[in-house]
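Undergrad: Let me give you the structure first, and then I'll get to my questions.
None of the figures in this text is laboratory data; all of them are computed from the coordinates on show. A quick note: this is a predicted structure, and the numbers were derived from the prediction, not measured. Cβ placement follows ideal geometry from the backbone for every residue including glycine, while neighbour counts extend to all protein chains displayed.
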Amino acid sequence: MMRGEMELELYIHIPFCVKKCLYCDFLSAPAGEETRERYVQALLSEITGRSREYRDRLVTSVFLGGGTPSLLTDGQMKRLLGTVYGSFFLAQDAEITVEANPGTVDLKKLTAYGEAGVNRLSIGLQSGDNGELAAIGRIHTWEQFLEAYSQARQAGFANINVDLMSTLPGQTTESYCGTLRKVLALDPPPEHISAYSLILEEGTVLYDRHQAGLLDLPDEDEDRRMYRETKRILEEAGYGRYEISNYARAGFECRHNCGYWQRRDYLGLGLGASSMTGNVRFQNGEELEHYLRDPLGCRKEENRLTVTEQMEEYMFLGLRLTEGVDTEGFREAFGCAPEEIYGAVIEKNIRDGLLRYRRGRGHLALTERGMDLANYVMAQFLA
Ligand code: SF4
């Protein structure tokens with residue numbers, strides 16, 4: 001049995017955005033107010049219905065992601081979280097995060113979110129340079145971000161993440177570092193910063209532009225420089241890198257995301273949301289009309305993970321964390337040490353300077369060089 005098996009995380013998907021960003025392949029699209037309200041109604045039915053299977057679970061985090069969850073009105077957020085509280089058994093100190101985009105919030109709304117129980121905001125900034133923001137089709141400017149950030153502080157939020165992106169069209173290491181410095185100069189600066197590089201996903205406008213040779217993207221050397229600068233600048237400013245792309249002040253690591261990396265059970269609610277409970281993966285369908293008509297009946301088929309798949313996940317997800325894979329947890333879950341299954345791979349990567357033990361042999365983690373080559377190392381744990 002996994003440790004803490006009786007705990008559960010909730011993910012709630014809000015698939016609406018003001019306008020599609022040019023790099024985005026998430027399940028999200030613009031929709032009118034009426035559709036959004038119908039969606040909230042459907043979600044409430046799904047939450048109430050689905051929760052009956054999880055009466056024995058302690059919910060430790062709720063994460064409203066999207067899309068743009070901050071498109072929900074004050075009233076919709078209150079009804080949504082009210083239904084969550086009424087349906088699930090929530091831990092006293094549950095982390096409740098909402099993703100918010102500048103341009104979709106104001107002080108009144110943020111205050112209402114706080115009153116509804118939201119205690120963590122994740123603000124999508126991506127870049128502090130208005131030219132870069134326009135090049136990726138974001139709806140907001142740096143100035144609008146500043147306004148949203150200051151309103152979030154005024155509304156009492158004391159746990160804020162800011163999402164940033166590197167390797168954007170037209171971006172240089174200098175402009176990227178400028179963004180980092182501007183974010184660090186906020187008063188007070190955010191408790192958490194996520195920094196991912198742009199990935200060109202097929203089916204997006206930026207992908208097509210790139211294929212047509214129309215995109216001026218930083219080259220690989222520049223990408224590496226930005227990656228290294230992220231770590232240097234954020235660590236100098238007192239943030240700990242606790243996952244490949246995530247930095248936080250001590251105690252502000254995102255509990256919900258740590259749950260994914262530690263393979264805690266999670267239940268996804270809403271359009272297309274995926275779940276993993278009791279080593280069974282399942283997902284809601286992605287057709288909006290179907291979901292609106294029958295939110296409880298649109299679940300796609302379930303997939304029970306084999307023990308080998310569970311072990312692989314345990315290893316490659318755990319390795320994303322700076323503290324690494326909990327080897328004792330592995331033993332408790334599977335009845336053997338990771339070395340008994342992956343001995344040769346572990347030894348080789350230790351020899352190559354890519355893996356190391358921490359806390360005695362309690363954790364197996366990527367070294368700094370291993371973090372740089374994380375995908376290469378993690379792939380070796382897949383059958
Ligand atoms: S706001 Fe987020 S989810 Fe919405 S289109 Fe942009 S990147 Fe995609």
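Undergrad: Which of the listed residues, Gln380, Leu319, Thr367, is farthest toward the dipole's positive end in segment 306-383, when Lys, Arg count +1 and Asp, Glu count -1 at the beta-carbon?
TA: So the residue furthest toward the plus end is Thr367.
Undergrad: How large is the translational diffusion coefficient of segment 92-208 in µm² per second when you combine the Kirkwood radius over alpha carbon pairs with Stokes-Einstein at 25 °C and 0.890 mPa s?
TA: 165 µm²/s
Undergrad: Continuing with this model, one more query. Over segment 7-261, calculate the relative contact order: mean separation of alpha carbon pairs under 8 Å at least 6 apart, over the residue count, as a percent.
TA: That works out to 18 percent.
Undergrad: How far is the Cα center of segment 306-355 from the Cα center of segment 45-108, in Å?
TA: Spelled out, the Cα-based centre of one part sits 33 Å from the other.
Undergrad: Rank-order 137-147, 28-38 by packing density, defined as the average count of other C-beta atoms within 10 Å over each peptide's residues, highest first.
TA: The peptides rank, most packed first, as 137-147, 28-38.
Undergrad: A further question on this structure: Mind jotting down a quarter of the surface of the convex hull over the alpha carbons of segment 35-77, in square nanometres, one decimal?
TA: 3.6 nm²
Undergrad: Another question, if that's okay. Tell me, what HN-Hα J-couplings in whole Hz come from the Karplus equation 6.51 cos²θ - 1.76 cosθ + 1.60 at θ = phi - 60° for each residue of segment 301-308, using x for Gly and Pro?
TA: After applying 6.51 cos²θ - 1.76 cosθ + 1.60, I find 5, 8, 9, 7, 6, 6, 4, 4 Hz.
Undergrad: Hey, if you put +1 on the Cβ of every Lys and Arg and -1 on every Asp and Glu Cβ in segment 1-97, which of Leu10, Ala29, Tyr54 ends up farthest toward the positive end of that dipole?
TA: In segment 1-97, that residue is Ala29.
Undergrad: I would also like to ask the following. Under 20 Å from the Cα of Lys348, which aspartates and glutamates turn up, not counting those fewer than eight places away in the same chain?
TA: By straight Cα distance, Lys348 reaches Glu312, Glu313, Glu323, Asp326, Glu339, Glu340, Glu368, Asp372.
Undergrad: While we're looking at this one, here's another question. Taking amide hydrogens as modeled 1.01 Å from N in the peptide plane, which residues meet the under 5 Å criterion relative to Phe16, leaving out close sequence neighbours?
TA: Ala29, Thr68
Undergrad: Suppose every K and R has +1 on its Cβ and every D and E has -1 on its Cβ; what is the size of the dipole of the chain about the Cα centre, in Debye to the nearest 20?
TA: 740 debye
Undergrad: I would also like to ask the following. Test of understanding: what is the full-extension gain from Arg331 to Ser45, defined as 0.36 nm times their sequence separation minus their Cα-Cα distance?
TA: The span from Arg331 to Ser45 would gain 99.0 nm if fully extended.
Undergrad: Using a Förster distance of 45 angstrom, determine the FRET efficiency expected from the C-beta separation of Glu236 and Asp106, and round it to 0.05.
TA: 0.85
Undergrad: Count the DSSP beta bridges whose two residues both fall in the chain, then state the antiparallel fraction as a percent rounded to the nearest 5.
TA: 40 percent
Undergrad: Let me ask you something else. Based on the Kirkwood radius over alpha-carbon pairs, what value in µm²/s does the Stokes-Einstein equation return for the translational diffusion coefficient of segment 7-261 at 10 °C and 1.306 mPa s?
TA: Answer, rounded: 83 µm²/s.
Undergrad: Calculate the spin-label point distance for Glu339 paired with Glu174, positioning each point 7 Å from the Cα along the beta-carbon direction, and give it in nanometres.
TA: 5.2 nm
Undergrad: Taking a temperature of 25 °C and a viscosity of 0.890 mPa s, what whole-number D in µm²/s does Stokes-Einstein yield for segment 306-383 with Rh from Kirkwood over alpha carbon pairs?
TA: It comes out at roughly 202 µm²/s.
Undergrad: Next question. Can you run phi through the Karplus equation (6.51, -1.76, 1.60; θ = phi - 60°) for segment 245-259 and list ³J(HN,Hα) in whole Hz, with x for Gly and Pro?
TA: Residue by residue, segment 245-259 yields 10, 10, 10, 8, 6, 3, x, 10, 4, 6, 5, 4, 5, 4, x Hz.
Undergrad: Right, next: Among the Cys residues of the chain, which have no other cysteine Cβ under 4.7 angstrom away?
TA: Cys17, Cys177, Cys254, Cys258, Cys298, Cys336
Undergrad: I've got another one for you. Quick one: 3J(HN,Hα) in Hz for segment 26-38, Karplus 6.51/-1.76/1.60 with θ = phi - 60°, rounded, Gly and Pro as x.
TA: Coupling constants for segment 26-38: 6, 7, 7, 7, x, 7, x, 4, 5, 5, 5, 5, 4 Hz.
Undergrad: Moving on to the next point. Please list the non-local residues whose amide H lies under 5 Å from the amide H of Ser122, H modeled 1.01 Å from N, same-chain partners needing a gap of 5 or more.
TA: Val98, Glu99, Ala100, Asn161
Undergrad: Now for a separate question. For Gly268, enumerate residues with amide H under 5 Å from its amide H, sequence gap 5+ or separate chain, H modeled in the peptide plane.
TA: Answer set, sorted by chain and number: Tyr11, Ser275, Met276.
Undergrad: Moving on to the next point. On full extension of the chain, what length is gained from Glu37 through Asn130, given 0.36 nm per residue of separation minus the C-alpha to C-alpha distance?
TA: Residue separation times 0.36 nm, minus the Cα-Cα distance, leaves 30.3 nm.
Undergrad: Calculate the all-directions average of the projected area of segment 146-200's alpha-carbon convex hull, and give it in nm².
TA: 4.2 nm²
Undergrad: Let me ask something else. So which lysines pass the test for Lys19, namely a Cα distance under 27 Å, with those fewer than 8 places away in the same chain ruled out?
TA: Answer for Lys19, where 27 Å is the Cα cut-off: Lys78, Lys108, Lys109, Lys182, listed by chain and number.
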